[in-house]
1. Modelled label-to-label distance, ARG8 and ARG487, 7 Å Cα→beta-carbon offset: nm?
2. Can you give the extra length, in nm with one decimal, that the chain gains between ARG191 and ARG376 once fully stretched, where that is 0.36 nm per residue apart less the Cα-Cα distance?
3. Amide H neighbours of TYR384 under 5 Å, at least 5 residues apart or on other chains, H built in the peptide plane: list them.
4. Tell me, what HN-Hα J-couplings in whole Hz come from the Karplus equation 6.51 cos²θ - 1.76 cosθ + 1.60 at θ = phi - 60° for each residue of the stretch 183-195, using x for Gly and Pro?
5. Tabulate in residue order the Karplus-calculated ³J(HN,Hα) for the stretch 151-164, using 6.51 cos²θ - 1.76 cosθ + 1.60 with θ = phi - 60°, rounded to whole Hz; enter x for Gly and Pro.
6. Over the C-alpha atoms of the stretch 537-622, what are the Rg and the largest Cα-to-Cα span, Dmax, in Å?
7. Where the Cα atoms of the chain are projected onto their three principal axes, how long is each span, largest first, in whole Å?
8. May I ask for the net charge around LEU375, where only other residues with Cβ less than 12 Å from the Cβ of LEU375 are counted and Lys, Arg are +1 while Asp, Glu are -1?
Amino acid sequence: MTMNDFLRYLDDCDCPSPPRLALELLDLLDRPEVSVRDIAERVRRDPILAAKTLKLANSALYRGLRPVVAIEDAVMRIGLAVLARLAIGLSLTQQRPVLSRFLDLPRYWSAALVRATAMQALARAVGSWSPPELFTIGLLAEIGTLILACAAPEPYGRILKNSNDLVERLEKEQTEFGFDHRQLSAALLVRWGLPGFMAEAVSSDNTGASSHVVRSQELRAMLNIARWFGDYADGSCAENAPPPERLLAKLGQHDDLMDRIRTEIEGEWQDLSDLFDLDPPADVRSRLQQLTHPEALPLVGSARDACRTVRVLVVDDDGDSRALLRRILEPAGYEVLEATDAESAMELMQQFLPRVLILDWVLPGMDGPSLCQCLRQKFGGRLYILVFSAIMDGGHAVEALDAGANDFLEKPVSRKFLLAKLKNARAAVELTQSLEDIQYQSRESQRELLLLNEALRQVAAHDDLTGLHNRRSIDQYLKEAWETALRYGSRLAVIMLDVDHFKRVNDEHGHDAGDRALCALAKVLKEHVRSSDRVARWGGEEFVIVCSNSGAEEAQQLAERLRSAAEGLNGDFPSITLSGGVAERVPEMSSPDDLLRAADQALLHAKRDGRNRIILHDKGGSI
């Protein structure tokens, strides 16, 4: 069976699929003329999706300034692209299909949500991806498993039951169906209209058509880390799976990110479970408790796990010396990694990021102090490094400490003395990790404060109904444009527009119809002005446009285009017309208020002359 055959077969199956409304929202992404109000009206058709949208906008995914109560505000906060994609996930989690008895639905979606939360945390850490979009990838990355368990419950049940690991499962899927569940996941994402980069990330194929190879590889690496967390939560994490620290190293991140992912899962898991109406099985909850409390989690590489086990890298070209250290360290609860030279030591550092290192002085190629110096340059003060030497003298000790070693010991060393030194090393590493956490939290708080300030600035500068700049914002902008025009001798014009007989619109058709008309007009204004122009709702039905580097004639032509476009507006509101006044800055004007007053005088003249027209203010001072 080919993939296309199977997809056609799904059309006749009662398997989970996005509802028509979710697919409609995706289709709207390619239609720039669609407004927020249009989207909100569609969302309201589905009371469950409407409730979920409001809940999502107020969830941990979106830490807003104030609670959102209107669908329009929720759509503005979330964004259409994210809403459309998450609507698919929200709808899929509500469906209860008949499945193979070897796939537990609550367990499946619980693991998916852990995976999605981990992807979100990774997006925030890496900084170049949208957290909500990566949340969607994590949520739907294994959707092929669910569909196969629904469409072919008996043969797929046998595969789930009899596969010892993921590799074997993928091979059996290929034999049975001609494709595996990850390839199916990718095909479904494409079928449902999600972006190609999402499908490419979840597929088991390593060769994609992406023109952004580095970005594609980075996204795959992030998904592999998130999959580890999901597998750990549902108890399916394979013993031979690459440890997350190694995956993080491939991503260019360090082990402190493990703590950040765990913290995010702990902080947001319950809210997101409620959002998706999930009731995780008891064993999943237990593993999540372990996952989010490092003292109970069998991971290594993080200082918070030091009470459980600490990873120590021993670098020595003498096998007997390495064996002796292993016999001392392992019974004391340390995990030992071994390297014979500087090159292999650096490879292990990239893969496992141990925090404690024991370096022999004499090594092939690069000696212990030189390697110590390289490690300090690359990893900084987060490492605790002990240098061993068979020669114990002041000169060697000073050289080792100058190279960045924390301590210098003579070979051979007694078991009791070495373990005492490593106890100090563990304490130092824990302290360093704590300081890093404090520093990270401080940076995060500062970043959140900057974002909050920016959000407050945006709210203070924009009109709630139309999204245009408000009067306070345009006043400030006009002052700056005025100063620029004075300084450089450039031209400056202002357009003042007013909706004709707008009170009649509200009285005869209601304020909702009036609001819809204003929003439609605001959209026309934004579409027709230049990027250098500034449009604002001046108040009520009045609008102001500041045209930098424009003379009266150019501004008048723009105003005429806007008047004509407004006259041709159609929608669920009565037809409207515009009157407008245009004025240009002249030497006789002493302030921006004079320019506004001139435009207002021209507007009044347009209204006296019968409305639905544009009047240009006479530069000589009269109309």
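Throughout, read-outs are computed from the coordinates displayed, never taken from laboratory work. Keep in mind that this is a model prediction, so the values were computed, not measured. Note that we place each Cβ from the backbone using ideal geometry, even for glycine, and neighbour counts take in every protein chain shown.
1. About 6.7 nm separates the two model spin labels.
2. 61.6 nm
3. Distant-sequence amide H within range of TYR384: VAL356, LEU357.
4. Values per residue, Gly and Pro as x: 4, 5, 4, 4, 5, 5, 4, 5, 4, 7, x, 7, x Hz.
5. Listing the rounded values in order: 6, 9, x, 6, x, 6, x, 5, 5, 5, 6, 9, 8, 7 Hz.
6. 13.4, 46
7. 103, 69, 39
8. +4
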